[in-house]
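> One structure, as structure tokens, below. Some questions next.
The values are calculated or read from the model by the stated rules, or taken from the named source; none is laboratory data. The shown structure was predicted, so the numbers you read here are calculated from the model rather than taken from an experiment. Reconstructed Cβ throughout: ideal geometry from the backbone, glycine too, with neighbour counts over all protein chains shown.
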Amino acid sequence: MPHSTVSCNDYVFDALVFDRYQGSGSNKAELRRKLDIVYKAMKNELTEKEFDALKDYYILGKKMKEIALERGVAPSTVTRQIRRAKEKIMHITKYY
């Protein structure tokens with residue numbers, strides 16, 4: 001399944017937030033607030049493995065099989081980590 005990647009230097013999620021903020025439409029302050037919430041949720045609520053899986057998949061553009069091979073786990077493990085991470089983020093952000 002194809003996925004979109006976001007290029008940023010040094011794998012810093014601040015760059016991801018900044019890139020998205022700069023490309024927004026007329027309500028930049030609201031978008032920035034939402035992106036800050038997502039960023040904080042990622043840094044504070046995800047396990048290290050979940051955070052790294054999201055970074056590798058969405059930021060670096062690696063395939064799930066490639067991530068799994070690097071970590072010595074089954075591809076389904078990486079899929080679960082990404083799914084759980086996304087669920088945690090969605091759960092947190094729905095209150096904002």
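> Taking interchain pairs and intrachain pairs at least six residues apart, which have beta carbon atoms under 8 angstrom, with the first residue in the stretch 36-50 and among the aliphatic types (A, V, I, L, M) and the second modelled with pLDDT under 80?
Short answer, once both residue conditions are applied: Ile37/Ile92; Ile37/Thr93; Ile37/Tyr96; Val38/Val17; Val38/Thr93; Ala41/Ile92; Ala41/Thr93; Met42/Phe13.
> If I ask for residues that are at pLDDT below 90, of a type outside the set (D, E, K, R) and either surrounded by 15 or more Cβ atoms within 10 Å (Cβ to Cβ) or closer than 10 Å to Leu46 by Cα (or both), which ones from the stretch 78-93 would you list?
Ala85, Ile89, Ile92
> Among the residues of the stretch 44-96, which ones are hydrophobic (A, V, I, L, M, F, W, C) and under 11 Å from the mean Cα position of the chain (by Cα)?
Once the filter is applied, which keeps residues that are hydrophobic (A, V, I, L, M, F, W, C) and under 11 Å from the mean Cα position of the chain (by Cα), the stretch 44-96 yields Leu46, Phe51, Ala53, Leu54, Ile59, Leu60, Ile82, Ala85, Ile89.
> Here's another thing I want to ask about it. Please identify the pairs in which a residue from the stretch 57-75 that is touching a residue at least 12 places away in the same chain (Cβ under 8 Å) has its Cβ atom under 8 Å from the Cβ atom of a residue that is outside any helix (DSSP H, G or I) and among the hydrophobic types (A, V, I, L, M, F, W, C), counting only partners at least 6 apart or on another chain.
From the stretch 57-75, the pairs are Tyr58/Val6; Ile59/Val6; Ile59/Cys8.
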